[in-house]
Amino acid sequence: MKPTTTSWVVTGLGAAVTTVGATALSGPLAAGAIGFGVAHMVLGLLDMARPTIRKREER
């Protein structure tokens, strides 16, 4: 799996958790789910923005 694929999965999972927290939950549990989801979205987007490090091929 490519590194960008993993970043997109983490970002999408964060969006899903944020949506569930905003619509289906209430009270402090909703706030926790929204915060958890937003954190995943931010981390996924930051992971996409960082440069990749490629190993040199060994001979």
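The values are calculated or read from the model by the stated rules, or taken from the named source; none is laboratory data. Remember, it's a predicted structure, so these values are computed and weren't measured experimentally. For neighbour counting, all protein chains shown are included, and Cβ atoms are generated from backbone atoms with ideal geometry for every residue, glycine included.
Within segment 14-35, the set of residues being in contact with a helix residue (DSSP H, G or I) (Cβ under 6 Å, 6 or more places away or on another chain) and not small (Gly, Ala, Ser) comprises 17, 18, 25, 34.
Identify all residues within segment 19-38 that are small (Gly, Ala, Ser) and surrounded by 14 or more Cβ atoms within 10 Å (Cβ to Cβ); write none if there are none.
Within segment 19-38, the subset small (Gly, Ala, Ser) is 21-22, 24, 26-27, 30-33, 35, 37.
If the condition is that a residue be small (Gly, Ala, Ser) and surrounded by 14 or more Cβ atoms within 10 Å (Cβ to Cβ), then 21, 30, 33, 37 are the ones that fit.
Residues in segment 39-55 that are loosely packed, with under 13 Cβ neighbours inside 10 Å and not β-branched (Val, Ile, Thr): 46, 49, 50, 51, 54, 55. If the condition is being at pLDDT below 95 and over 8 Å from the mean Cα position of the chain (by Cα), then segment 1-16 contributes 1, 2, 3, 4, 5, 6. The single condition from (1) modelled with pLDDT of 95 or more; (2) over 10 Å from the mean Cα position of the chain (by Cα) that residue 39 fails is (2).
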